[in-house]
Each structure stands twice: as structure tokens, then as C-alpha cells.
Amino acid sequence: MPSIRIIVAFATLVIAITPALAREWPTRPVTMVVPFAAGGPLDVVGRLLASRLSQILDQQVVVENVTGAGGTIGSNRVAKAAPDGYQFVFGHLGTHAFSQTLYKKPPYDGVTDFEPVVIVNHGIFLLLVRKQLPVSTFAEFIAYAKVNQKKMQFGSAGAGSINQMACVLLTIAMGTNITQVPYRGNALALQDLIGGRIDFMCDSLVTALPQIQQNTVKAIANLTPSRASRLPNLATAREQGLTEVAIDGWNAFFFPKGTPEPIVRRLNQATSEALDTPSVRERMQDLGTRVSAPEHRSPEYLAKLLRSDIERWADRIKAAGIAGQ
């Protein structure tokens, strides 16, 4: 058996190495994998943060869009990457919670294949309709959808995306069965909505706001639990009677499982510092996204929330009949 002196010496060495590792990382550029297409809400926020993180970490944080399968292709790449701190994924409720039930054989375990780092922000999702659709209120939309459901279509960023699930929940709550048109990214779906080729979508306020302001689409309802500060007069679906439709679309950073804790803590601290930077905070508020509260930014909080959401959304996905695809 090792002597007490050897054990103490080893423990002292580990304690000494831990802060040194955090100070030394990163020594080269770090890749932020955004698992959705450029121009989408996650990409917009990711690039904003990458710029500030590059300054804080004194190394470039490079955004790489690795798209497909509702964000699971990019997330899987990070899950299988070396746990050395040089790749992390900007995932969300869909990539890490929905995916665990939506797919019969998920390519990764959202809990055991990743090291949770920090919740970055909470997306606000809106029901948008094409400008030509003859509705102006949520009640009118529901009535129109019930009559015209067989010929209507909604767009999404693909299976497992938050905007897909928001629209699926909405159609179920309305008692309708409407055809989904999946796209390889949110921006492509929005382009077709503007062009009148689909009837509606459940889009993030980040990408929807400019189009609402330019009057190219119509915002009918807020699909999150509370009203948005940028659109205070737009009532939530919950306020208007559909209590089942309320999505908290959190976005977060994850490292591969086994990434050293000092590196996880360092990115956590750097991200929190970036989020508290006035220019970043103001820009995110202008975009229409809610910055995570300081008390909700720990890796432990994200880990607990993820486990809870996997369990909670499993029941909803199964009830919708779209589990195990």
C-alpha cells in the first residue's frame, strides 16, 4: 500500500497543477461548433460571444457551422472529440434534451458524453405567419388552421430543433395535423416564409425581429412563458388559452466528457465575463434574447436542468407520437 507521505505528495501535486492548467489554457485557437446553419439565431449569438471570448482568453475562438439532423451532427462531433478543451459545442434544449427521445438510437448521450459548461441565453420563440395569410390575431389563426389544416405547411430547422417542437406542440394544442417542411437551417425556413411558400413557423426573436420590423411577416403570438421586452404588446399563447405551449429554449456550451475541470471552469468564467460586458449584453438585448442570470450560470445548474428537461420533454415527445424516429 502507498504510504501516507506518497498520497499527500500526490494530492499536493494535483492541487498545484489544477490552477496552472486553467492559467495556461488555451495555448492555441479554440473551436466553437455551432450545429446549425450560418445566419440562424444560435449562429448570431455564437459569433457575438466568440468575438468577446477571443479577447478574454487571448486566443481566437473560431466558429464552425457543422449542420444537419437537428443539430446532432455537430453535437456528435464534439461528443467524440478529444477532451482537451479545444472544441466545444453551442448546444441547446433540442440538441441535448429533445434528441434523447426523438431518435431511437441517439448518436450520443446528452448527459454522459458531455461536460456542461454554462447556460448562455434563453431564446424567445414566436408564431410567425406569412404576410398574405388572412389572420391578424391568435384566435383567428387557430380558427383558420382548423379549417385549412390539410393544405397548410409550417417550416422548421429540422427534427430536434426547438422551433420544430414549438410548432408541433402548437398544432397538437390546436387539435390540428399540419404538414411540416424541414429545412437545413432556420434562415432557409424564414426565407420561404417571407416568400409565401410556407404558411407559418415558430421562429426565434433573434432572427424574427428584423422581419417583423420590416413588415415582411406577421407575429401572432409569443410561444415562451412570458412576454418579450422587445415586443411587450405581443401576448403569449399561454395568456390566450393554450397553456400547453410555453417553451424555455435555453442555449448552452458543452465540452466533450472528460475535459479537465479547470478548463471547464475557465470557459465558464470567461463566458460569464463576456455576458456581463455591457456592449455584449446590450447587443443581446437588442437581438431580443434573454441573457442567463448569474445564479444560473454554473456547470452544476446546467447539469441539473438538462436531466430535468430530458425527463420532462420525453413525455411530451412521446405524447406527440414523434419519439424514436
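The values are calculated or read from the model by the stated rules, or taken from the named source; none is laboratory data. Small disclaimer: the values here were computed from a predicted structure and weren't measured. All Cβ positions, glycine included, derive from the backbone under ideal geometry; neighbour counts span all protein chains shown. When the accessible area is computed, the model is the full protein with side chains, heavy atoms only, and any ligands, DNA or RNA have been set aside. Shrake-Rupley method; radii C 1.70, N 1.55, O 1.52, S 1.80 Å.
Give me the pairs: first residue in the stretch 299-325 and in contact (Cβ under 8 Å) with a residue 60 or more places away in the chain and open to solvent by less than 60 Å² (accessible area, probe 1.4 Å), second residue assigned to a helix (DSSP H, G or I) and of a type in the set (Ser, Thr, Tyr), beta-carbon distance under 8 Å, and six or more apart or on different chains, which are they?
Once the first residue is in contact (Cβ under 8 Å) with a residue 60 or more places away in the chain and open to solvent by less than 60 Å² (accessible area, probe 1.4 Å) and sits in the stretch 299-325, its partners that are assigned to a helix (DSSP H, G or I) and of a type in the set (Ser, Thr, Tyr) give 310/101; 313/101; 314/101; 317/101; 323/101; 324/101.
Quickly run through the stretch 171-218 and pick out the residues that are of a type in the set (Gly, Ala, Ser) and more than 21 Å from the chain's Cα centre (by Cα). Steps first, please.
Of all residues in the stretch 171-218, those of a type in the set (Gly, Ala, Ser) come to 173, 175, 185, 187, 189, 195-196, 204, 208.
Hits for the stretch 171-218 are 173, 175, 195, 196.
Of the residues that make up the stretch 223-243, is at least one part of a helix (DSSP H, G or I) and acidic (Asp, Glu)? Steps first, please.
Kept after step one, since they are part of a helix (DSSP H, G or I), are these residues of the stretch 223-243: none.
For the stretch 223-243, residues part of a helix (DSSP H, G or I) and acidic (Asp, Glu): absent.
Suppose we filter the stretch 270-285 for residues that are surrounded by 13 or more Cβ atoms within 10 Å (Cβ to Cβ) and not in a loop (DSSP other than H, G, I, E, B); how many remain?
In the first step, residues of the stretch 270-285 are kept if they are surrounded by 13 or more Cβ atoms within 10 Å (Cβ to Cβ); the result is 270-275, 277, 280-281, 283-285.
Narrowing further to those that are not in a loop (DSSP other than H, G, I, E, B): 270-275, 280-281, 283-285.
The number of residues fulfilling the criteria is 11.
When the residues of the stretch 45-67 are filtered to those that are part of a strand (DSSP E or B) and in contact with a Pro (Cβ under 9 Å, 6 or more places away or on another chain), which remaining residue is nearest to residue 183 (Cα to Cα)? Step through it out loud before you land on a result.
So the first thing to find is which residues in the stretch 45-67 are part of a strand (DSSP E or B), and the list is 61-65.
Of the ones still in play, those that are also in contact with a Pro (Cβ under 9 Å, 6 or more places away or on another chain) are 61-62, 65.
Values: 61: 27, 62: 25, 65: 15 Å.
Among those residues, the one meeting the criterion is 65.
State which residue is modelled with the highest pLDDT when the search covers only the stretch 1-36 and only residues that are over 21 Å from residue 270 (Cα atoms) and touching a helix residue (DSSP H, G or I) at 6+ places or on another chain (Cβ under 6 Å).
Within the stretch 1-36, the subset over 21 Å from residue 270 (Cα atoms) is 1-16, 35-36.
Among the residues that remain, those that are also touching a helix residue (DSSP H, G or I) at 6+ places or on another chain (Cβ under 6 Å) are: 35-36.
On the way: 35: 94, 36: 91.
Applying the filter and picking the extreme gives 35.
Residue 151 - would you say it is more than 14 Å from the chain's Cα centre (by Cα) and either touching a residue at least 12 places away in the same chain (Cβ under 8 Å) or under 30 Å from residue 33 (Cβ atoms) (or both)?
Values: more than 14 Å from the chain's Cα centre (by Cα): yes; either touching a residue at least 12 places away in the same chain (Cβ under 8 Å) or under 30 Å from residue 33 (Cβ atoms) (or both): no.
Considered against the rule, which asks whether it is more than 14 Å from the chain's Cα centre (by Cα) and either touching a residue at least 12 places away in the same chain (Cβ under 8 Å) or under 30 Å from residue 33 (Cβ atoms) (or both), residue 151 comes out as no.
Looking only at the stretch 78-122, count every residue that is buried (at least 19 other Cβ atoms within 10 Å of the Cβ), out of contact with any Pro (no Cβ under 9 Å at 6 or more places or on another chain) and either among the β-branched types (Val, Ile, Thr) or on the phi > 0 side of the Ramachandran plot (or both) and tell me the total.
Of the residues in the stretch 78-122, 3 are buried (at least 19 other Cβ atoms within 10 Å of the Cβ), out of contact with any Pro (no Cβ under 9 Å at 6 or more places or on another chain) and either among the β-branched types (Val, Ile, Thr) or on the phi > 0 side of the Ramachandran plot (or both).
Tell me the residue from 288, 249, 241, 258 that is touching a residue at least 60 places away in the same chain (Cβ under 8 Å) and surrounded by fewer than 16 Cβ atoms within 10 Å (Cβ to Cβ), please. Before you say what the answer is, go through the steps one by one.
Details: 288 fails: surrounded by fewer than 16 Cβ atoms within 10 Å (Cβ to Cβ); 249 fails: surrounded by fewer than 16 Cβ atoms within 10 Å (Cβ to Cβ); 241 fails: touching a residue at least 60 places away in the same chain (Cβ under 8 Å).
Going through 288, 249, 241, 258 in turn, the sole match is 258.
Given (1) within 14 Å of residue 46 (Cβ to Cβ); (2) assigned to a helix (DSSP H, G or I), where does residue 70 come up short, assuming only one miss?
Here residue 70 clears every test but (1).
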